[in-house]
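See structure below.
The values are calculated or read from the model by the stated rules, or taken from the named source; none is laboratory data. Keep in mind that this is a model prediction, so the values were computed, not measured. Heads up, the Cβs are rebuilt from the backbone with ideal geometry, glycines too, and the neighbour counts pull from every protein chain shown.
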């Protein structure tokens, strides 16, 4: 299972995305209280579902080490879902700042996790491409 470097990158991406469930995405002041919003307590079910997908997809991709084309497709799908997660989270925070009494929204560390995860996913794609090149070169030698 953990044969190639792309498996390590995919595992690290999944673990970073798993941290989304315990980290805070943004916070804002509501009166005298500071409210921290994360994936679990934001009340946005779509954000929760996207976080679950971006956590599970890299783990699924690890098990397709024998089928590099499918592994690459699942990795691209994970990148798309990660970008979608960032877009939904930023849109949710922006909608809070557009309320009638304006709310000052500040982003927290948790919103950087999908960005770093996307970097790891691109590194995994690079490893998959290297494997494909290696297999093609070995096929030419036969």
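Select, from 125, 112, 121, the only residue that is surrounded by 13 or more Cβ atoms within 10 Å (Cβ to Cβ) and free of Cβ contacts under 8 Å to residues at least 24 places away in the same chain.
Working: 125 fails: free of Cβ contacts under 8 Å to residues at least 24 places away in the same chain; 121 fails: free of Cβ contacts under 8 Å to residues at least 24 places away in the same chain.
Just one listed residue meets the conditions, 112.
Select from the stretch 35-55 the residues that are touching a residue at least 12 places away in the same chain (Cβ under 8 Å) and either farther than 11 Å from residue 81 by Cα or not in a helix (DSSP H, G or I) (or both) and list them in ascending order. Let's see the steps before the verdict.
Filtering the stretch 35-55 for residues touching a residue at least 12 places away in the same chain (Cβ under 8 Å) gives 36-40, 42, 44, 46-47, 50-51, 53-55.
36, 37, 38, 39, 40, 42, 44, 46 - these are the residues of the stretch 35-55 that are touching a residue at least 12 places away in the same chain (Cβ under 8 Å) and either farther than 11 Å from residue 81 by Cα or not in a helix (DSSP H, G or I) (or both).
Which of the residues belonging to the stretch 22-34 are over 23 Å from residue 115 (Cβ atoms) and free of Cβ contacts under 8 Å to residues at least 60 places away in the same chain? Talk me through it step by step, then tell me what you get.
Step one: filter the stretch 22-34 for residues over 23 Å from residue 115 (Cβ atoms), giving 29-34.
31, 32, 33, 34 - these are the residues of the stretch 22-34 that are over 23 Å from residue 115 (Cβ atoms) and free of Cβ contacts under 8 Å to residues at least 60 places away in the same chain.
For (1) at pLDDT 85 or above; (2) buried (at least 20 other Cβ atoms within 10 Å of the Cβ); (3) over 10 Å from the mean Cα position of the chain (by Cα), each residue gets a yes or a no:
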site	(1), (2), (3)
11	yes, no, yes
28	no, no, yes
82	yes, yes, no
106	no, no, yes
